[in-house]
Amino acid sequence: MKTGWYKDAVFYQIYPRSFCDSNGDGIGDIRGIISKLDYLKELGVTAVWLSPVYKSPNDDNGYDISDYRDINPEFGTLDDWKEMIAGMHERGIKLVMDLVVNHTSDEHEWFKQSRSSKDNPYRDYYIWRKGKGKDGKRPPNNWTSRFTGSAWQYDETTGEWYLHLFSKKQPDLNWDNPKVRREVADICNYWFELGVDGFRCDVITYISKAEGLPDGKFNPVMCGDEHFVLGPHIHEYLNEIYEKAWSKYDTMIVGEAIGCKLTDAPMIIAEDRHELDSAITFELMDVDMKWSFFPVKFNLAKFKAVQSAWQALPKNCWNTLYYENHDQPRSITRYGNGRGYYRKELGKMLAVSYMMLRGTPYVYQGQEIGMTNIRLEEKEYVDIMATRVFSLIRKIFPPLMPVARWAMSKRARDHARTPMQWEDKTGAGFTTGKPWMKINPNLGEINVASDLKNPNSILNFYKKLIEFRKGNAVIRDGDYIEYFPKNKKVYCFERKLGSHRYIVFCNFAEKKVALNIDTIPNSRGAKLIMDNWATQEETLGDAILLKPYEAAIYEIDPSADNG
Ligand code: NOJ
């Protein structure tokens, strides 16, 4: 049943709350998405990953689901959703929904039942334990929530604790219970029947916890995850859902694979494993970030080493390529100078640096117009991650508050979640009402309307690049060869299928860089096919001078030369 369509796809991620508001309540919604389908088609993307639109009390903006089979009324109705997916399919765009099943909301009916008594039939849907100490008032182990603090919450009704690896309103499901796995398969099949083309499985690497739930390696910020990342039954459980649901339709299943290292990946994504089709991994994000929120210095050589290592995955494994999503800061600010010079060149260069790789690329809403991080006052952060970090530091060691503010100004998830900048007007063309979150004041300079008009915009560059990738066998299947791995300014690689080759230069520095390239075999005479400065030499010689943030793609296509 599975055709592997995702290998030719370019994805666009929609974070619905911040994408487009159709009814003026300040919150993006499904009818807003419908109104932008032609825009997506024009951009050339062929699949959408839609962040959760299910019923949710929004403790973590929809990643806490209270009903897996219905739409959150603030986003619209199931009929709106049906119209949206039909509109996508008409335009040749597939829809991949978020599947958040490591945990539910504490307002999900299962959890309400589960917490009500120890002998409730749903008790075992979640992970309940007695506390430590004589009175049982200490958490069962030292695991910490990914949002800081203990991962356990005491519940008065039954005097036991439940596990929540995220907020206390996101209790972890007990995947060791076969009934839970059946429920997950049923949820998938319900949406497949409605036409969904796949799922992005939220923190799917956390679903199997180690027997006995032993303490993790102590760390004052976040205790080790060694007892719940890729736990003892992960393969068995993924395979079970594959058999019962994912393999029954022509799907794409991409797992958010926190903690999955390069060496682990083939075990969950190799085609013959029948588990996931691909994984969103974090080694690249970890190059300049710790504990998902603390910035560490960017080092291009390390960054390239990670990309190159993943490009070398066995041929039966498929990569996910991304720089941004709703959890990551804006790549323009993260990898650039942050001062706005050369923003356009930088945005285009970054696009080339990942879109020319092997794997499925994801464009996160706003990335295609070069949206940036936002400057926020402490009280303006709304995301649970930032607000938890602030309240924890304030409680345990207030002198560290400036460090917390600095870290959030660089890495908070809020940066990705500011409303989409459609137009230069009040509400940014996102809403006619009061936006749920502050709009970035740079909307005058950065917005879709002006990018559409400007042939040299980042948006139009993305269009060209996406078009170029489509059906391009060298980009899809070609080998990857890296040059100058130690160079700290330039990322240079080749994609090669037979004798058809692309040589790609990406200058990550804000300065000019000269590179002697006579070590790249038989590259002399390669023809320039794309350049974000539009000033590069038409053919490649023995050296190249790259302007700040310049990206250039050269081609050697013997078949074209011959005829
Ligand atoms: C990963 C999601 O991308 C993130 O936004 C969410 O907070 C956690 N998983 C918990 O569901």
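The values are calculated or read from the model by the stated rules, or taken from the named source; none is laboratory data. This is a predicted model, so every value here is computed, not measured. Glycine also receives a Cβ, built like all others from the backbone with ideal geometry; neighbour counts cover every protein chain displayed. For the accessible areas, the whole protein counts, side chains as well, though only heavy atoms, and no ligand, DNA or RNA atoms are used. Shrake-Rupley method; radii C 1.70, N 1.55, O 1.52, S 1.80 Å.
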Surpassing 18 Å at the alpha-carbon level, of the pairs K82/K169; K344/K512; K297/K410, are K82/K169
Starting from the amide H of K290, placed 1.01 Å from N in the peptide plane, find each other amide H under 5 Å away whose residue is 5 or more places distant or on another chain.
-> V296
Out of the range 269-303, which trypsin sites (Lys or Arg not before Pro) are coil in DSSP terms and have no more than 14 other C-beta atoms within 10 Å?
-> K297
Collect residues whose amide H, placed 1.01 Å from N in the peptide plane, falls under 5 Å from the amide H of L173; neighbours closer than 5 in sequence don't count.
-> H103, T104
Provide V306, V48 ordered by accessible surface of protein heavy atoms (probe 1.4 Å), highest first.
-> V306, V48
Label-point separation, K464 to I529 (7 Å along Cα→Cβ), nm = 1.3 nm
Where does the charge balance sit around L37 when Lys and Arg score +1, Asp and Glu -1, over other residues with C-beta under 12 Å from its C-beta?
-> 0
Rounded accessible area of D79 (nearest 10 Å², 1.4 Å probe) | 110 Å²
Among K304/K527; K348/K527; K7/K547; K36/K425; K7/K463, which pairs are too far apart, with a Cα-Cα distance over 29 Å?
-> K7/K547
Tally up the carbon and sulfur contribution to the accessible surface of the chain as a whole percent, 1.4 Å probe, everything protein left in place.
-> 51 percent
How far is the Cα center of the range 296-348 from the Cα center of the range 56-95, in Å?
-> 29 Å
Does the range 359-489 come out rounded, prolate or oblate by the C-alpha gyration tensor, with a ≥ b ≥ c the root eigenvalues, rounded set by a/c under 1.5 and, if not, prolate when a/b is larger than b/c and oblate if not?
-> oblate
Largest first, how would K488, K244 line up by accessible area (1.4 Å probe)?
-> K488, K244
Where does the charge balance sit around M267 when Lys and Arg score +1, Asp and Glu -1, over other residues with C-beta under 13 Å from its C-beta?
-> -3
Run the 1.4 Å probe and let me know the accessible area of E240, rounded to the nearest 10 Å².
-> 40 Å²
Local net charge near F493, Cβ-Cβ under 12 Å (Lys/Arg +1, Asp/Glu -1) = +2
Give me the lysines in straight-line cross-link reach of K168: C-alpha distance below 16 Å, same-chain residues under 8 apart excluded.
-> K112
Most to least packed among 108-120, 508-520, 324-336 [average Cβ atoms within 10 Å] = 324-336, 108-120, 508-520
